[in-house]
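Taking it in order: structure first as structure tokens, then the write-up.
The values are calculated or read from the model by the stated rules, or taken from the named source; none is laboratory data. Quantities reported herein were computed from a predicted structural model and do not represent experimental measurements. Methodologically, a virtual Cβ is constructed for each residue, glycine included, from the backbone with ideal geometry; neighbour enumeration extends over all protein chains shown.
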Amino acid sequence: MTSHAITQAPALVQDRLFIGGAMVEPEADDLIEVISPATEEPIGSAPSSTSGDVARAVRAARTAFDDGPWPRMSPQERADALEPFGDHLRARVPQIAQLITEEMGSPITFSNQLQAPVPVMLLDYFRKLAATFPFAEERAGLTGPALILREPVGVVGQIVPWNVPLILTMVNLAPALLAGCTVVLKPAPETPLDAYVLAEAAMEADLPPGVLNIVPADRPSSEALVRHPLVDKISFTGSSATGRRVAALCGEQFKRVTLECGGKSPAVILEDAEIDSVVPALMPFAIMMSGQQCLAQTRILAHRSRYRQVVDAISQAAAELTVGDPHDPATEVGPLVAERQRRRVEDYIASGRQEGATITVGGGRPPSRPKGWYVEPTIFADVESGMRIAQEEIFGPVLVVIPFDDDNDAVRIANDSKYGLSGSVWSPDQDRAMRIARRVRTGSLTLNEYRIEFAAPFGGYKESGIGREFGPEGLSSYLEHKTINLPDGASH
């Protein structure tokens, strides 16, 4: 690959699949058309892989795992081999940010700050982790010495969503590759184009053929990937409904599976919180990505004595958000990814009205955006925990504000959900906030701010998923544990 290719803008039209280390022709001529959420106009396309294409990719990954050098390299050798892979992505961060904004409507400021640079950060983290991770460990044991080996799980089928496509790809791709696995990546049909940057990076890094394969596909071909008997593990990020289907298919074959699914995360605002500072800190993580983020703090739990103050402050903050062209750096809320997504969000808004909740701001389409799949930032007050808008993941710029009476009531409402992915607690009394945090059944919580820690395990309780990503736990999920019992006095 020539050096000038590193700085070119990523292509918006692709006509090949990345299988076995090369760009190859698909079996059929069917295309995935990529539509701009901001203009509703086509902006690009990619091949729609058939089940036969998926099978080719799986066979390439299987051959690379069974017969190729990748699983037999040392962890440090794999880390070194992925250095130019990361350098390729690092050199193209601005172009990647623009591409993701084109594909799914992410505001360009968010794309520049997170969508494009975080995948590189994640790869760098896992490369460094691999150098110190205990892939082999001796234990004295109760009956004699044992050698514990942590070996790659095998061929991984990775299915990623459209909302933060490269971040959620690298969250699992990096540890899978560094563990020694080979991967068949199935990007979302809404955002197939950014995955081709990874194909270019793999070729730039001269990764062994079949280590990474990329096959954009629709649902039937995606199911072919999950069902394929030569795939050892599936990594899925998406809705809980689809995750349930993936888990059932994997269960038929005892296939390993990691699921990161939906969320309806609570932000608990105690009566001693400073509302004027809490709301500005909370709102970017409540309506991030137009609410199209499983981590979004979409259930605002406010102490009854401060309830109206919280409602007013959040409503004002939502009304002041800039809704507009996602390419404009001033835009804070862009369009939803697809027309079907807007219909879904509008259905939930209608449901909230029917259930008796009160819209304090928003509730419709912004008059200034006649084109594009936009919905106004919408706040519901007078919400009860049992309402549909308080129980189901809306995946749009819609927040519900629910009152609580005391700490026990706050915990009860926070746990009154089939999800358990994220959350936050806001109070100057950190001991009190910590006591509440310990009682909320969710995979991660933050006190008096919101952030994601990539070196710590991330995942969900209940219907929010199975398994953990990020940190050493994320690498462990791509490893099998083997015990070799040794004779007394022996050492490996």
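For the stretch 65-125, which fully contained helices (runs of 4 or more DSSP H) count at least 3 residues that are more than 25 Å from Y478 (Cα to Cα) and in contact (Cβ under 8 Å) with a residue 24 or more places away in the chain?
93-104
Please enumerate the residues belonging to the stretch 210-243 that are modelled with pLDDT of 95 or more and of a type in the set (K, R).
R227, K233
Residues are listed down the side, and each one gets a yes or a no for (1) assigned by TED's automatic domain parsing to the domain that holds P370; (2) in a loop (DSSP other than H, G, I, E, B); (3) charged (D, E, K, R):
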{"position": "L282", "(1), (2), (3)": "yes, no, no"}
{"position": "C294", "(1), (2), (3)": "yes, yes, no"}
{"position": "S305", "(1), (2), (3)": "yes, no, no"}
{"position": "R308", "(1), (2), (3)": "yes, no, yes"}
{"position": "A318", "(1), (2), (3)": "yes, no, no"}
{"position": "A330", "(1), (2), (3)": "yes, yes, no"}
{"position": "V337", "(1), (2), (3)": "yes, yes, no"}
{"position": "Q341", "(1), (2), (3)": "yes, no, no"}
{"position": "R344", "(1), (2), (3)": "yes, no, yes"}
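Hey, among the residues in the stretch 346-362 that are hydroxyl-bearing (S, T, Y) and not in a helix (DSSP H, G or I), which one's surrounded by the most Cβ atoms within 10 Å (Cβ to Cβ)?
T360
Out of S444, S422, S417, report the one residue that is in contact with a Lys or Arg (Cβ under 6 Å, 6 or more places away or on another chain), at pLDDT 95 or above and not in a strand (DSSP E or B).
S417
Restricted to the stretch 311-325, and to residues that are touching a helix residue (DSSP H, G or I) at 6+ places or on another chain (Cβ under 7 Å) and either under 21 Å from I394 (Cα atoms) or modelled with pLDDT under 95 (or both), which residue is surrounded by the most Cβ atoms within 10 Å (Cβ to Cβ)?
Taking the candidates together, the pick is I314.
Pull up the stretch 114-131, narrow it to residues that are modelled with pLDDT of 95 or more and over 16 Å from the mean Cα position of the chain (by Cα), then point me to the one that is surrounded by the fewest Cβ atoms within 10 Å (Cβ to Cβ).
K128
Okay, residues lined up against (1) among the small types (G, A, S); (2) crowded, with 20+ Cβ neighbours inside 10 Å; (3) not assigned by TED's automatic domain parsing to the domain that holds R244:
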| position | (1), (2), (3) |
| --- | --- |
| Q391 | no, no, yes |
| L399 | no, yes, yes |
| N408 | no, no, yes |
| G443 | yes, yes, yes |
| L447 | no, no, yes |
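Let's see how each residue does on (1) over 18 Å from A79 (Cα atoms); (2) outside the structural domain of G420 (by TED's automatic domain parsing); (3) in contact (Cβ under 8 Å) with a residue 12 or more places away in the chain; (4) part of a loop (DSSP other than H, G, I, E, B):
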| site | (1), (2), (3), (4) |
| --- | --- |
| L147 | yes, yes, yes, no |
| E151 | no, yes, yes, no |
| P161 | yes, yes, yes, yes |
| A174 | no, yes, yes, no |
| V183 | no, yes, yes, no |
| V197 | yes, yes, yes, no |
| L207 | no, yes, yes, yes |
| A217 | yes, yes, yes, yes |
| L249 | yes, yes, yes, no |
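For A267, indicate whether it is among the hydrophobic types (A, V, I, L, M, F, W, C) and outside any helix (DSSP H, G or I).
Answer is yes for this residue.
Among the numbered criteria (1) in a loop (DSSP other than H, G, I, E, B); (2) among the aliphatic types (A, V, I, L, M); (3) closer than 11 Å to G157 by Cβ, which one does A273 miss?
(3)
Mind telling me which of the residues P335, P329, P280 ends up being free of Cβ contacts under 8 Å to residues at least 40 places away in the same chain and not aromatic (F, W, Y)?
Exactly one of P335, P329, P280 is free of Cβ contacts under 8 Å to residues at least 40 places away in the same chain and not aromatic (F, W, Y), namely P280.
Any chance you could count how many residues in the stretch 459-488 are in contact (Cβ under 8 Å) with a residue 60 or more places away in the chain, out of contact with any strand residue (DSSP E or B) (no Cβ under 8 Å at 6 or more places or on another chain) and either under 18 Å from K264 (Cα atoms) or surrounded by fewer than 22 Cβ atoms within 10 Å (Cβ to Cβ) (or both)?
Residues that pass the stated criteria total 3.
Give me the pairs, please: first residue somewhere in the stretch 390-408 and farther than 15 Å from Y348 by Cα and at pLDDT 95 or above, second residue anywhere and charged (D, E, K, R) and buried (at least 23 other Cβ atoms within 10 Å of the Cβ), beta-carbon distance under 8 Å, and either six or more positions apart or on two chains.
Listed by first residue and then by second, the contacts come to I402/R299.
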